[in-house]
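To keep things clear, I will list the structure first and then write my remarks on it.
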Amino acid sequence: MLILHLNVKYCHASASGNIPRLTVNLGRKVEEKLPSTYRVQFNYRAVATEPGYFQVKLDADTGPMSTRDYRILLEATSIAGSRTFLHLTYSYSYGIAGRIAMKGYLATLGRGKVGFTTARDPSTGQTESIGGVRGLVERNTMRYYLAIDAYLSTLSIPPNRRVDQRLANWFDATEQYSRQLHEVDRDAYMDMKHNEYQRQQIVQ
């Protein structure tokens, strides 16, 4: 599921001793070699795996650009009408280097990008989509939600068709929110992700 996201360049589950681990490489929204990406090692813990409810946690002490204390929680519970309520939260801390990098991004590549929440601009009186760090978090949250949805939507098709269909579903879903989520064209995304998926199989 994670490899569908533009910034995820590699993802591999393994075990070190009795501790399940998830290795994730993060990078830019274009194709790049693994040594130029940032590797994050998450500890994986299944807190609850009961009929009708599950909760899993991912923790990492350090990440790219002086970020640290990553905490990701995913839980789901069944509700009426054969439906499922899904809850995803994540947080992290960052130091001076991370703060500088964030300001640099928001002043250049991230300038003009917006999230999904709207707010009234007191200087103009107009309602506008929120930008800044909040907008960035909202965009990433939506990308991960759409990745979960794209993954689940293919479980009923033959395994040899799932990867291509998941990639197509994820890209098509993000284009429904093109103002917030559009970054690359479809061919560039599909080519990049096919190559990253193949590389992931070889590296493993």
If the chain between Q198 and R45 were fully extended at 0.36 nm per residue, the gain over the current Cα-Cα distance would be 52.4 nm
For R99 and N7, extending 7 Å from Cα along the Cα-Cβ vector and measuring point to point gives, in nm, a value of 1.9
The answer for the net charge of residues other than Y92 whose Cβ lies under 12 angstrom from its Cβ, with Lys and Arg +1 and Asp and Glu -1, is -1
Taking the chain and counting helices only, DSSP H stretches of n ≥ 4 at -39,500 (n - 2.57) each over all residues, the nearest-500 ellipticity at 222 nm comes to -11500 deg cm²/dmol
Options (i) 53, 45, 36; (ii) 51, 37, 31; (iii) 78, 45, 33 for Cα extents along the principal axes in Å; the value derived from the coordinates is listed as (i)
Yeah, region 78-176 with a ≥ b ≥ c from its alpha-carbon gyration tensor (a/c under 1.5 is rounded, else prolate when a/b outruns b/c, oblate otherwise) is prolate
If each part is reduced to its alpha-carbon centroid, region 101-160 and region 64-88 end up apart, in Å, by 17
So the FRET efficiency between A119 and R179, C-beta based with R0 = 22 Å and rounded to 0.05, is 0.90
Taking a crude spin-label model, label points 7 Å out from Cα along the C-beta direction, the F85 to S16 distance in nm is 3.6
Percent relative contact order for the chain, counting Cα pairs under 8 Å at least six residues apart, stands at 15
Partner lysines whose C-alpha sits under 25 Å from that of K103, ignoring same-chain residues fewer than 8 away, are K9, K29, K113
One finds, for K29 and S153 with R0 = 22 angstrom and r their Cβ-Cβ distance, a FRET efficiency to the nearest 0.05 of 0.45
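Every number in this text was worked out from the coordinates using simple rules, so none of it is lab data. Quantities reported herein were computed from a predicted structural model and do not represent experimental measurements. Glycine also receives a Cβ, built like all others from the backbone with ideal geometry; neighbour counts cover every protein chain displayed.
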